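Here's the structure, in structure tokens; my notes come after.
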Amino acid sequence: MTRDSGPTPPSERITSLDALRGFALLGILAINIWVFAMPESTLINPTSYGDFTGANYWAWFVGHVFAQNKFITIFSALFGAGIVLFAESKERKGQDAVRLHYRRTAVLIAIGLLHAYVLWYGDILVAYGLSALFLVFARDLEARKLAGLGVAFLLLFVGLRLFAAVTLGAEAIGGSWAPSEAAIRQEVAAYRGGWLQQLDHRVPAAFNRQLAIFESFWQIGGTMLLGMALYKWGVLTGDRSRTLYRRLVAAGVVGLGIVVAGVAYIRANDWSADAALFFLQFNFVGSFLVAGGYVGLVMLYAKRRPDGPVTRAFAAVGRTAFTNYLLQTVIATTIFYGHGFGLFGYVSRVEQYGIVVAIWAVQVPLSVLWLRYFRFGPVEWVWRTLTYGEKQPLRLEK
């Protein structure tokens with residue numbers, strides 16, 4: 001039995017891919033901050049809690065139009081691309097790619113479960129891991145078939161949502177869209193309390209999100225399949241022409257228009273639960289175009305300044321994305337939850353963005369500095385060590 005060789009060394013990494021991952025990871029915090037700082041329902045219905053007038057309305061509007069679903073779409077696509085990239089790397093070395101993929105994914109799911117139940121119910125790692133268990137078998141399909149399958153998944157997801165909206169109306173989303181005042185008060189009290197008190201909300205919220213994976217698989221899986229296709233086409237690695245990336249940017253502008261139309265629609269319907277599922281689909285569809293626009297922008301910049309400080313900073317965050325994702329949770333829950341500073345429910349939407357910028361100001365230089373001395377982020381090192389079954393070298397050899 002041959003020993004599993006280690007992960008891809010830093011010298012073989014794709015800078016543009018890492019930069020895109022770092023860009024997406026930082027952007028995700030701009031939306032996750034809403035549910036770190038306020039009740040869960042504000043993620044889909046901003047009118048359910050807190051001041052929603054003046055500057056706070058516009059803070060939500062900018063976040064919704066430019067960030068909500070956009071960065072997580074890029075991140076999901078990159079995770080799909082990572083499945084293909086990992087398998088190709090292992091197969092080139094003559095290793096059992098599927099066996100290593102399953103070990104790697106099992107570790108990811110285990111860390112995700114700890115993240116969800118110990119720290120924050122909004123974990124995405126479990127959903128990614130469970131989806132990856134199945135999607136690995138699509139890795140050898142040609143890009144055109146992967147893209148077609150991904151689009152089919154996404155159309156099924158939208159179709160199911162629209163069918164629910166037409167047949168059930170407000171009943172399809174009512175409890176999530178407009179929870180009772182008592183439920184909101186209970187959630188606020190839980191997160192202003194200690195760690196044990198937080199479990200009253202965190203455990204059922206995490207469990208319900210994991211049950212919903214059976215529905216959201218079509219969304220997550222479809223996006224991952226598109227990511228596999230885009231990787232094989234060279235779109236995510238900066239290998240395509242500047243013309244293509246400019247076209248993606250133009251498509252992103254169209255996507256912004258669709259998302260803004262969705263805001264106009266829900267406002268015209270007075271933020272009613274009857275209109276909510278239709279409103280969410282405007283953003284869902286528009287987000288893929290806007291995410292494509294962001295991919296175009298990052299790739300154009302990375303082509304122009306492949307060794308520039310911005311590209312290298314994003315790439316450093318991307319190379320330590322697993323660590324940085326969990327670090328965002330640790331910092332934010334310390335700020336907002338009762339075991340830390342207990343600011344849950346007190347911080348306005350405008351002020352939340354100040355905290356986002358402050359966290360970025362910690363993560364970006366810390367990532368760059370860390371990688372001057374180490375090969376991987378600390379969580380990445382644990383992940384790789386458990387995947388390969390032997391301790392990986394962490395320090396860079398000078």
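Residue by residue through the stretch 360-398, note down the ones that are crowded, with 19+ Cβ neighbours inside 10 Å and under 23 Å from the mean Cα position of the chain (by Cα).
Once the filter is applied, which keeps residues that are crowded, with 19+ Cβ neighbours inside 10 Å and under 23 Å from the mean Cα position of the chain (by Cα), the stretch 360-398 yields Gln363, Ser367, Leu371, Phe376, Gly377, Glu380, Trp381, Trp383, Arg384, Thr387.
One residue is enough: does the stretch 20-38 have a residue meeting the conditions crowded, with 18+ Cβ neighbours inside 10 Å and in contact with a Pro (Cβ under 6 Å, 6 or more places away or on another chain)?
no
Here is a yes/no grid of residues against (1) small (Gly, Ala, Ser); (2) within 30 Å of Arg240 (Cβ to Cβ):
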residue: Thr334; (1), (2): no, no
residue: Tyr337; (1), (2): no, no
residue: Gly377; (1), (2): yes, yes
residue: Leu386; (1), (2): no, no
residue: Gly389; (1), (2): yes, no
residue: Glu397; (1), (2): no, no
Across the stretch 201-253, the tally of residues that are over 19 Å from Ala147 (Cβ atoms) and either among the aliphatic types (A, V, I, L, M) or in contact with an Asp or Glu (Cβ under 7 Å, 6 or more places away or on another chain) (or both) stands at 10
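Could you please give the count of residues in the stretch 111-123 that are free of Cβ contacts under 8 Å to residues at least 60 places away in the same chain and either crowded, with 18+ Cβ neighbours inside 10 Å or within 14 Å of the chain's Cα centre (by Cα) (or both)? Show your work before the answer.
Kept after step one, since they are free of Cβ contacts under 8 Å to residues at least 60 places away in the same chain, are these residues of the stretch 111-123: 112-114, 118.
Then keep just the ones that are either crowded, with 18+ Cβ neighbours inside 10 Å or within 14 Å of the chain's Cα centre (by Cα) (or both); that gives 112.
Residues in the stretch 111-123 being free of Cβ contacts under 8 Å to residues at least 60 places away in the same chain and either crowded, with 18+ Cβ neighbours inside 10 Å or within 14 Å of the chain's Cα centre (by Cα) (or both): 1 in total.
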Here the qualifying pairs (Cβ atoms under 6 Å; residues six or more apart or on different chains; first in the stretch 366-387 and in a loop (DSSP other than H, G, I, E, B); second buried (at least 19 other Cβ atoms within 10 Å of the Cβ) and of a type in the set (A, V, I, L, M)) come out as Leu371/Ala316
Exercise for review: Would you confirm whether any residue within the stretch 331-351 is part of a helix (DSSP H, G or I), of a type outside the set (A, V, I, L, M), free of Cβ contacts under 8 Å to residues at least 40 places away in the same chain and closer than 25 Å to Val188 by Cβ?
Suggested key: yes
Reported set for the stretch 27-46 where residues are aliphatic (A, V, I, L, M) and farther than 14 Å from Thr329 by Cβ is Ala30, Met38, Leu43, Ile44
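Out of Thr223, Thr237, Thr243, report the one residue that is at pLDDT 95 or above, under 23 Å from Val136 (Cβ atoms) and not acidic (Asp, Glu). Show your work before the answer.
Working: Thr237 fails: at pLDDT 95 or above; Thr243 fails: under 23 Å from Val136 (Cβ atoms).
Only one candidate passes the filter, namely Thr223.
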Checked against (1) touching a Phe, Trp or Tyr at 6+ places or on another chain (Cβ under 7 Å); (2) of a type in the set (A, V, I, L, M, F, W, C); (3) surrounded by 23 or more Cβ atoms within 10 Å (Cβ to Cβ), Phe71 satisfies every condition except (1)
Of the residues in the stretch 131-188 that are surrounded by fewer than 17 Cβ atoms within 10 Å (Cβ to Cβ) and of a type in the set (Phe, Trp, Tyr), the one that is modelled with the lowest pLDDT is Phe163
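The values are calculated or read from the model by the stated rules, or taken from the named source; none is laboratory data. Note that this is a predicted model, so its numbers are computed, not measured. Heads up, the Cβs are rebuilt from the backbone with ideal geometry, glycines too, and the neighbour counts pull from every protein chain shown.
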